[in-house]
1. Just give me the residues in region 4-13 being at pLDDT below 95, assigned to a loop (DSSP other than H, G, I, E, B) and either in contact with a strand residue (DSSP E or B) (Cβ under 9 Å, 6 or more places away or on another chain) or within 17 Å of residue 50 (Cβ to Cβ) (or both), in sequence order.
2. Quick one: count up the residues across region 36-59 that are of a type outside the set (Ser, Thr, Tyr), touching a residue at least 24 places away in the same chain (Cβ under 8 Å) and either over 11 Å from residue 7 (Cβ atoms) or surrounded by 12 or more Cβ atoms within 10 Å (Cβ to Cβ) (or both).
3. Can you tell me which residues in region 14-56 are modelled with pLDDT of 90 or more, part of a loop (DSSP other than H, G, I, E, B) and in contact with a Gly (Cβ under 7 Å, 6 or more places away or on another chain)?
Amino acid sequence: MGEWTLFSPGDHAPNDGTYIETGVNSYHMGVNNPKKVELKRGQRFPDTSNHERKWKRMAH
């Protein structure tokens, strides 16, 4: 079973890492001034800047 790639506020982080906001409908355009958070496995994702954003793990 594969790992999810997009996470909603309140979801639990599957792994330690840095996560960044991304636009659900704007992969090609990106997001201006996205929030970044450092989470440990099991911690909950905080709220995003707006309801159309999700969290995505940053590449190493």
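1. 5
2. 15
3. If the condition is that a residue be modelled with pLDDT of 90 or more, part of a loop (DSSP other than H, G, I, E, B) and in contact with a Gly (Cβ under 7 Å, 6 or more places away or on another chain), then 45 is the only one that fits.
The values are calculated or read from the model by the stated rules, or taken from the named source; none is laboratory data. Nothing here was measured: the structure is a model prediction, and the numbers come from that model. Note that we place each Cβ from the backbone using ideal geometry, even for glycine, and neighbour counts take in every protein chain shown.
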